[in-house]
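Every number here is computed from the coordinates shown, using simple stated rules; none is lab data. Being a predicted model, the structure only gives us computed values, none of them experimental. All Cβ positions, glycine included, derive from the backbone under ideal geometry; neighbour counts span all protein chains shown.
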Amino acid sequence: MSLRETYVPAVSPPTRPQLTKDGRRVLEVLAGSSRQGCTEAFLLAHGFTVELLVNVVRDGFATVQSERVRAGGQPIEVTRVHITDSGRRALRGKRTQ
C-alpha cells in the first residue's frame, strides 16, 4: 500500500443532480413565469414545499433573490425564485427520478 492510497481519499467524479417529478413541475412553473420569477409565497400556495425549493436551488436549477417592497404602506421582504440556464436544460432532458 502506498502513502497516497493510505492518506489521500479517492475522489469520485461529480454526479449530475437528478430532477424529481416535483422538481420538474416547479421548473415548468418558473419557466412559464415572467422575467421577475415567482415569489416564494406563490410557489408555496401552489403546493410546492420549502424543501423542494431548497433542493432545486441547491442543485443549481434555480436562484433566489430577496427584495424589500411596500405593501399597504408597510415594507415587506419578498423572495423571488428564478429558473437558471441549467434548469432550462434539465427541463429539455427526459431523465427524472
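Things to note:
- Rounded to 0.05, the FRET efficiency of the Lys21 and Val54 pair, given R0 = 25 Å and the Cβ-Cβ distance, is 0.90.
- Contour excess over end-to-end distance, with Cα ends at Val78 and Ala31 and 0.36 nm allotted per residue: 15.0 nm
- Cα lying deepest toward the dipole's positive end in the stretch 13-97, options Ser86, Phe42, Gln65, charges on Cβ: Ser86
- Cα-based Rg / Dmax (Å) for the stretch 19-92: 12.5, 42
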